[in-house]
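Coordinate-derived values only; no laboratory data. As the structure is a computational prediction, the values presented were derived from the model and not from experiment. All Cβ positions, glycine included, derive from the backbone under ideal geometry; neighbour counts span all protein chains shown.
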Amino acid sequence: MNRKINSIFVLALMVTAGCSSKSAVTTDDTSAPASSTLSSTTSSTPTGYGFDQWQTGPLGDVFFDYDSATLSEDAQTRLNQNGLWLEKNAAKGVLIEGHCDERGTSEYNLALGDRRATSAKEYLVRFGVAPARLETVSYGEERPFDSGHNEDAWGKNRRAHFIIK
């Protein structure tokens, strides 16, 4: 009986935990967009600008920690680079997509994805980008970059993704 109760308790915690991972996705090289790479604390995967089927332009994604919409130093550095590009391309608008990993409820992940996209937008507005040029949407867990079921995959899926309009 105790084992069944413990299993239910653990399952309930997993469902309510939200988008999470202890491994951080960090940027190894933020100076050269074409050669940017991302790495987790356990492995290194060549990625960066244009690293998935939705991103082909010059704006890089920003990544988030466990159950968070707070911008890390690496995320702020990436947003500064995106802001500089937007300054040089004043006629362009951007759609900022908020994404999560597969853990947590759909509702929770949609809300967290919205907070992530909004956090990136607010940073760019403080940088000097006109709010009218920035649109946000949350996909929650619906459009993962990596379909794996481990810390490395989940770290890649916790992101704000930029689409040039």
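Data overview
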quantity	calculated
Subset of segment 64-78 [surrounded by 23 or more Cβ atoms within 10 Å (Cβ to Cβ) and out of contact with any strand residue (DSSP E or B) (no Cβ under 6 Å at 6 or more places or on another chain)]	F64
Close pairs (6 angstrom Cβ cut-off, 6 or more residues apart or separate chains): closer than 16 Å to H99 by Cα in segment 129-153, basic (K, R) anywhere	T136/K121; F145/K156; D146/K156
